[in-house]
Structure formats: structure tokens, C-alpha cells
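Visitor: Just passing along the structure, written as C-alpha cells.
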Amino acid sequence: MDTATPDTTPPPRRRYGGVLPEERQRLRRAKLIEGAIEVFGTKGFHAATVREVCVAAHLTERYFYESFKTLPQLFLATYAELREQLMALTLAALKKAEPTPLGMLEPGIRVFLEFIRDDPRRGRIMLVDSLAVNDEVAAMSGATARDYSAMMRQHLHMLVPRSRAEEVQLDLLADGMIGLNVLLAARWMQDGFVEPIDRVVATNLLPYQGLLSMVDAQG
């Protein structure tokens, strides 16, 4: 009697064109995000449809629902992708920056402005529509602002005069300065990026330079 243990090894996953199914799904998901950047970034989230995103991604609608249940879910993934790209560029710029408060702030601001100028679709998604999709997207937008505030707090204590340190709340100041930078960037975008970027960077830096001049005057 044959008592050999039956082979329970699962059959190998079938490859299509040499690519595993999960890799093909990942690639389709990436295409949908690319399509979303085009549609959300040109028409806006509230004017977009699943069909339009799929057309831009060169995929049928069934592949949309393979990765996402709703358009807000796709918007969240799209925002997260842009956030990751921006953070990577920012960190790379800061590694090369002069290790002083203003030396670190200038490249961080410049990278953000270049990011939206070089592809205005990013600006519409991150600065406009991210505040009006749903609470989950708004929470991620808030988390992005807090990340930048955390980086800024590392330098603000050096820009606030010692005589004023006890009466100033650095967390609120950092959030407010980030809000100022975002509003200036949004206005620049709405005006069609007409102003030279160097002038916009200088405008963004002026409040920080004002703080530093107070520190220098204090000695």
C-alpha cells in the first residue's frame, strides 16, 4: 500500500508576460494614481469621475475597483504619493543646506515652491482640493503641515529672542508660519506663477529674517 505523504505544495502562481499577478496589480494601481493626478489636477476632484480617471490611466473601470472602492480613496492615495515625493525632495535639499536656521529654511521653502510650479496639478491637489474631499484627506493634509511644523520648530527656538521666549508658544508659531508659507504659495499658484521664484522665496523668508534681526539686536 502506498503511504507516501500527499504533496500539498501550492501550484506556482501564473505569470503573465513574466510578471506575477500582484506586481501587475501594483502597476495598475500606479497607473490609476498617475491618471488621478491628471484628472484631479486639471478638473478638480469634485468634477472628476471614475471613468475619466480610467481613461487617463488607459485602464478599464473594473481595474479601478480592483484597487480602490471610491474616488475619495483614490484621492487619498494620490495625495499620499505626492506627499512622499515632496518629503523626499525636501530631505534631499536639507542634507545639502547650510546648517543654520535660515540656511535650512530657504531650500525647504524653495523645494515646495518648485514642486507646485513644475507641475501645477500637484498644487491643485495638495493646496486646494485636499481641504474639501473628506475628513480623512483633511487629516492627512493636516499631518503634512504638522510634519513641516516639526522641522521648523527645530530652528524657531534659535530665531526667537531669549527675552521673548517665555511668552511665545513655539508650536503655535510654527503652525502659523507654515500657514503663511502655504497661503503665499497658493496665491502665487493662483496668479499663474508670474512672480519670479527668487522673489517669492525672499517674501516667504522675510518674517524669519525679522525674527533673526531681533535676536542679533539682543546680542
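Visitor: Per 0.36 nm of contour for each residue apart, how much would the distance between GLU84 and LYS96 grow if the chain were fully extended, relative to their Cα-Cα spacing? Walk me through the numbers on the way to the answer.
Guide: Details: separation 12, 0.36 × 12 = 4.32 nm, distance 1.91 nm.
Using 0.36 nm per residue and subtracting the Cα-Cα distance, I get 2.4 nm.
Visitor: By the scheme Lys and Arg +1, Asp and Glu -1, what is the net charge of all other residues having a beta-carbon under 14 Å from that of ALA174?
Guide: -1
Visitor: Continuing with this model, one more query. Would you mind putting 31-37, 86-92 in packing order, based on average other-beta-carbon counts within 10 Å, highest first?
Guide: Going by the mean number of other Cβ atoms within 10 Å, highest first, we get 31-37, 86-92.
Visitor: Please report ASP147, ASP135 as a ranked list, fewest other C-beta atoms within 10 angstrom at the top and most at the bottom.
Guide: Starting with the residue having the fewest Cβ neighbours, the order is ASP135, ASP147.
Visitor: Bin width 10 Å, origin at 0, all Cα-Cα pairs of the range 14-69: what percent of pairs per bin?
Guide: 25, 50, 20, 6
Visitor: Just to compare against my own numbers: the Cα pair-distance distribution for the range 26-135, 5 Å bins, whole % per bin, please.
Guide: Once binned at 5 Å, the Cα pair distances of the range 26-135 give 2, 12, 22, 19, 15, 11, 8, 6, 3, 1, 0.
Visitor: Rank-order 179-192, 46-59 by packing density, defined as the average count of other C-beta atoms within 10 Å over each peptide's residues, highest first.
Guide: So the peptides 179-192, 46-59, ranked by packing, come out 46-59, 179-192.
Visitor: What span do the alpha-carbon atoms of the range 71-218 cover on each of the three principal axes, reported in whole Å from largest to smallest?
Guide: Principal extents (Cα only, largest first): 53, 32, 28 Å.
Visitor: Now for a separate question. At 0.36 nm per residue, and after removing the present C-alpha to C-alpha distance, how many nm does the segment from ASP147 to THR203 gain when stretched out fully?
Guide: The span from ASP147 to THR203 would gain 18.0 nm if fully extended.
Here, each number is a calculation from the coordinates, and none is a lab measurement. These numbers come from a predicted model, not from an experiment. Every residue, glycine among them, receives a Cβ derived from its backbone with ideal geometry; neighbour counts consider all protein chains shown.
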